[in-house]
Protein chains: 2
Amino acid sequence: MTTRSWWGWGNVEHRVVGAERDKLLSRVAQFLDNTELVEHTAPNPHDLKIEPPRISPPPLLRHLASTSVADRAGHAHGKAYRDVIRNLRGHVKSSPDLVMRPENESDIVAVLDWCADRSITVIPYGGGSSVVGGVEARFDDNRPVLSLDMERLNRVIELDRTSRAARIQGGALGPELENQLRDHGLTLRHFPQSFEFSTLGGWLATRAGGHYAMGGTHIDDFVESMRVVTPVGVTESRRLPGSGAGPSHDRMFLGSEGTLGIITEAWMRLQDRPQFRAGCSVGFADFMEAGQAVRAISQSGLNPSNCRLLDPMEAFINAGSTSAGGVLVLGFESADHPQDEKLRRALEICRDFGGTTTHDSAQEQTASADTWKSSFLRMPYQRDVLAAHSMIVETFETACTWDRWPALYQAVSAAAYQAMADLKITGVLTCRFTHVYPDGPAPYFGIYAAGHWDEALGQWDHIKAAVSASLITHSGTITHHHAVGRDHRPGYDLQRTDLFADSLRAVKSTLDPKGILNPGVLFDA
Amino acid sequence: MTTRSWWGWGNVEHRVVGAERDKLLSRVAQFLDNTELVEHTAPNPHDLKIEPPRISPPPLLRHLASTSVADRAGHAHGKAYRDVIRNLRGHVKSSPDLVMRPENESDIVAVLDWCADRSITVIPYGGGSSVVGGVEARFDDNRPVLSLDMERLNRVIELDRTSRAARIQGGALGPELENQLRDHGLTLRHFPQSFEFSTLGGWLATRAGGHYAMGGTHIDDFVESMRVVTPVGVTESRRLPGSGAGPSHDRMFLGSEGTLGIITEAWMRLQDRPQFRAGCSVGFADFMEAGQAVRAISQSGLNPSNCRLLDPMEAFINAGSTSAGGVLVLGFESADHPQDEKLRRALEICRDFGGTTTHDSAQEQTASADTWKSSFLRMPYQRDVLAAHSMIVETFETACTWDRWPALYQAVSAAAYQAMADLKITGVLTCRFTHVYPDGPAPYFGIYAAGHWDEALGQWDHIKAAVSASLITHSGTITHHHAVGRDHRPGYDLQRTDLFADSLRAVKSTLDPKGILNPGVLFDA
């Protein structure tokens, strides 16, 4: 049995402690000029000053409702750095009045009817892993707030082995749905970093990016059909492998972040479990040359599953390896046929740009991949222990076309270091590619800085604003796969047209005429 | 120099005549019990009774306008069977009052302003190849109609070699844009059957499917950003290889069929020209087993460029080959690396389902591919000569998941033959897969029947209604890549929810408040 942390990432039992913590802190200390890091601990949620709920559930819905303080506090924030710091400090002001856990679609209809009738704001809640304020009741008005926790709708309802597709409920967490598919030899093969603590519905509502670099990785592309409960009724698309009949129903709800409806279930395209693998790490002398190698690979049609370029600082912090120009983790996999020839060709391309293979034995390859994978899944836990030690730890993820990549990298780097200089704090910027496309990379930047506990949020805001502005100025997107939520609104508002916002607003007025669903994300009412 | 046919497909100079016609007619006669086929010819457009235009262009737009009878008659219909028959008979009732050919975006803004002000209906017109009534002024009201012909916006404006992308104007026909890309060694590699006579803007507005079976073939997936002029202003998305910032702007306009705005330009993802090819034809003893082979290939990750399964009748009519269970045309191509190993593995899969390779030499492979390609591009011309000989020639294209494919095939076949029996006419149904997906095929059905000239349209309607109903009943889509237009509305209305139609209507009210853009396609105002 595990217990979800009310204030930070994941399970209490898995937090970073002991030797893991000491090693992490000593590694970090190396680039923080040995700034002293003082640890802070989270209060007991029962000691928080949480206002009593302003509403109580109607009798017929009472069995779905929770008003426990720990539950409400646990649903107040997502898992952004800002959320963790506020929780550690006991600043929990946006607790929902109620948490409701529907057991089926009828329950959701009943909850939405009640909320529309009573002008109660509804925040759809999947795994609660939002790092963009997507599940936070950050409102100016005085409406009561209900957090609609989908955790009980967690089943694979139907499986079509012939077409390799399954009908899955929106509240299923990654491991829950994969466990139900495993017996059939199938997998959704969608592994975002939040995998353990995020749901299918959340992935769909935020257009989640999977772990893999190319090809089948985005949740968008795995959708065969989608069923959505809106405040005015249910809408569902037909199960189809492809269709050119009008604009896509599903693409309207993908990325709608809980503003248009509750995604109760979806038919998802599955894959056979991979049997053939080939992988390698490649070192580079120059990071920009490494980027060119990745560009060439991305345009070759080889479509590697992994094509994760780590800059030297990222490779050092998260994979413990040193390289002047960064490390490229390359991997191919298939359920049907060997991948060695593809790897051979990709390495040939790497050599054209000065890449040298650093691991050769199958054992070393596996060890390297395992190091990365375990590091990848530990990162959010590490973020928490660093945050608790007054550090500012933040990520920025974006995408840009290849022609703009060198300038964007320089600009983000300059903006981040200038922002830290403004604050007179020591820190580093790291970069890796999480995904690559033939027309550009999806760079993912990390900030690790020695903050001052009392000013950490202001410092975080300053860095976040500076880097976000440089992303937008240099032709990036404010988010590639973390969603917009409330925190990315300033950047998002700059990158999309007012006419498109007006169009989304018009759809919302149609499907959610009382405006009860997650107001404030994506656009103002 | 070539001359576009006012009444039928393509160029006058390329119509089917002489030996090609005789061969086609004699091949067709074999399954039509030698029904006598009488040829009909199209009238001179100047002899048509075309009403004088109800509007005249304002002085500042006069240089863009045409009121010539041939021009107006040529813009009255698309290129559906029904259109061809009506043209041949001289029944041209929906000529637009004006044809306008803007030279730039400002012209479009000026035209839309004028039309909104004067309540003139605007039909966006690309290559005019719609087979679904998408460009026809089929209205109950008495509003004047303007056909907005985009042919002068036909340039590749900007090219980014690094990211392999180009900014292309919406009015560029397939050959026009490919010619401009060829010098750079790049290609959009989007080859719908209408390639020569359809435009980028038309492809985007109708979610066109390309010639290739899998992977990069749909125009949707090649869009990096899109610029749209609506009656209330211009909206444009940021050039990005990927983004999770809210619902996709571009996917809202993809498939909007001219109802939301005019697609003036788009940044499109390009590809290097292929250098490596491997291909083969495979014969099968049983068509359903052949389908299983295709399913296995579609789920293997091999992603063939061609994976065109022809049923025996399709193979006979369009490729001149005989096979008890149909022929699978398989092909792989790459700009980067050899494809022979992929072909070898695909053939291994085919053999598991009883497939036998019918062509072995490279020469024969090329000959077979060439036969198919030339036949493919000639099909619409052949349709015209058959229609002029009183035949009913129609296509139905759909998609369904693999689990439903056998039942759908049986149902469509039964519905088509029953409809022909109802009419007491002789004919055949053919089937091929135009595209395949891991979760299902996109079957394309053809009807070749001996119609009665005086009743051809009623007969066509009867067959079309019967087959369309069976597509919807058996879990298909009313269109996989021909669009909805006006002709597919009954089926489309059944397959999408009212809530989604309401949502689209809300977007239209926002972007086109006077409702001037292409009313009647997709949904009623």
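The values are calculated or read from the model by the stated rules, or taken from the named source; none is laboratory data. Fair warning: this is a prediction, and the values are worked out from it, not measured in the lab. Cβ coordinates were reconstructed from backbone atoms using ideal geometry, including for glycine residues, and neighbour counts include every protein chain displayed.
For the structure I just gave you, tell me whether residue A:461 is over 30 Å from residue A:330 (Cβ atoms) and either within 11 Å of chain B (Cβ to nearest Cβ) or in contact with a Gly (Cβ under 7 Å, 6 or more places away or on another chain) (or both). So residue A:461 fails the test.
A single entry from A:332, A:316, A:353, A:284 fulfils the requirement of being among the hydrophobic types (A, V, I, L, M, F, W, C), crowded, with 19+ Cβ neighbours inside 10 Å and touching a Pro at 6+ places or on another chain (Cβ under 8 Å): A:332.
Of all the criteria given as (1) at pLDDT 95 or above; (2) β-branched (Val, Ile, Thr); (3) under 21 Å from the mean Cα position of the chain (by Cα), the one not satisfied by residue A:401 is (3). Selection within the stretch B:471-499: residues that are in a helix (DSSP H, G or I) and facing chain A (nearest Cβ under 10 Å). The member of this set that is nearest to residue B:248 (Cα to Cα) is B:499.
The condition of being within 30 Å of residue A:20 (Cβ to Cβ) and within 10 Å of chain B (Cβ to nearest Cβ) holds for residue A:333.
Checking each residue in the stretch B:500-525 for being of a type in the set (A, V, I, L, M), part of a loop (DSSP other than H, G, I, E, B) and away from every other protein chain (no Cβ under 11 Å) picks out B:516, B:525. Residue A:326 fulfils the conditions (1) modelled with pLDDT of 95 or more; (2) buried (at least 23 other Cβ atoms within 10 Å of the Cβ); (3) of a type in the set (Gly, Ala, Ser) except for a single criterion, (1).
With the structure loaded, tell me whether residue B:321 is assigned by TED's automatic domain parsing to the domain that holds residue B:441, touching a strand residue (DSSP E or B) at 6+ places or on another chain (Cβ under 8 Å) and polar (S, T, N, Q) or whether it fails that test. Answer is yes for this residue.
Out of the residues in the stretch A:280-319 meeting the condition of being touching a helix residue (DSSP H, G or I) at 6+ places or on another chain (Cβ under 7 Å) and assigned to a loop (DSSP other than H, G, I, E, B), tell me which one is nearest to residue A:439 (Cα to Cα). Looking at residues that are touching a helix residue (DSSP H, G or I) at 6+ places or on another chain (Cβ under 7 Å) and assigned to a loop (DSSP other than H, G, I, E, B), I get A:300. Is there a residue being farther than 20 Å from residue A:483 by Cβ, among the hydroxyl-bearing types (Ser, Thr, Tyr) and not assigned by TED's automatic domain parsing to the domain that holds residue A:333 anywhere in the stretch A:245-256? The answer is no, given that none of the residues of the stretch A:245-256 is farther than 20 Å from residue A:483 by Cβ, among the hydroxyl-bearing types (Ser, Thr, Tyr) and not assigned by TED's automatic domain parsing to the domain that holds residue A:333. Among the residues of the stretch A:502-514 satisfying the criterion of being surrounded by 17 or more Cβ atoms within 10 Å (Cβ to Cβ) and among the small types (Gly, Ala, Ser), which is nearest to residue B:499 (Cα to Cα)? Residue satisfying both the conditions and the ranking: A:506. Scanning the stretch B:145-192 for residues that are of a type in the set (Val, Ile, Thr) and either within 21 Å of the chain's Cα centre (by Cα) or within 14 Å of another protein chain (Cβ to nearest Cβ) (or both) gives B:162, B:168, B:187.
Taking the residues in the stretch A:228-243 that are of a type outside the set (Gly, Ala, Ser) and part of a loop (DSSP other than H, G, I, E, B) as candidates, determine which candidate is farthest from the other protein chains (Cβ to nearest Cβ). Among residues in the stretch A:228-243 that are of a type outside the set (Gly, Ala, Ser) and part of a loop (DSSP other than H, G, I, E, B), the one farthest from the other protein chains (Cβ to nearest Cβ) is A:231. For the condition surrounded by fewer than 24 Cβ atoms within 10 Å (Cβ to Cβ) and facing chain B (nearest Cβ under 10 Å), residue A:246 does not qualify. Just one of the numbered conditions (1) within 11 Å of another protein chain (Cβ to nearest Cβ); (2) at pLDDT 95 or above; (3) not in a strand (DSSP E or B) is not true of residue A:225: (3).
Residues that are touching an Asp or Glu at 6+ places or on another chain (Cβ under 9 Å) and among the aliphatic types (A, V, I, L, M) were ranked within the stretch B:281-326; the one that is farthest from residue B:356 (Cα to Cα) is B:302. Exactly one residue among B:126, B:174 is without any contact (Cβ under 8 Å) to a residue 60 or more places away in the chain and either in the same structural domain as residue B:57 (by TED's automatic domain parsing) or crowded, with 17+ Cβ neighbours inside 10 Å (or both), and that residue is B:174. Of the set (1) away from chain B (no Cβ under 14 Å); (2) within 18 Å of the chain's Cα centre (by Cα); (3) surrounded by 17 or more Cβ atoms within 10 Å (Cβ to Cβ), all apply to residue A:134 but (1). Taking the stretch A:70-86 as the range and being within 15 Å of residue A:134 (Cβ to Cβ) and in contact with a strand residue (DSSP E or B) (Cβ under 6 Å, 6 or more places away or on another chain) as the test, the residues that pass are A:75, A:81. Of the residues that sit in the stretch B:409-457 and are modelled with pLDDT of 95 or more, among the small types (Gly, Ala, Ser) and not in a strand (DSSP E or B), which one is farthest from the chain's Cα centre (by Cα)? The residue in question is B:421.
Applying the criterion of being surrounded by 24 or more Cβ atoms within 10 Å (Cβ to Cβ) and part of a helix (DSSP H, G or I) to the residues of the stretch B:251-273, the residue that is farthest from the other protein chains (Cβ to nearest Cβ) is B:253. Restricting attention to the stretch B:185-217 and to residues that are farther than 25 Å from residue B:4 by Cβ and surrounded by fewer than 21 Cβ atoms within 10 Å (Cβ to Cβ), the residue that is modelled with the lowest pLDDT turns out to be B:215. Of all residues in the stretch A:475-496, those that are more than 19 Å from residue A:135 (Cα to Cα) have Cβ atoms under 6 Å from Cβ atoms of residues that are of a type in the set (Lys, Arg) and surrounded by fewer than 24 Cβ atoms within 10 Å (Cβ to Cβ), 6 or more apart or on another chain, in A:475/A:404; A:495/B:238.
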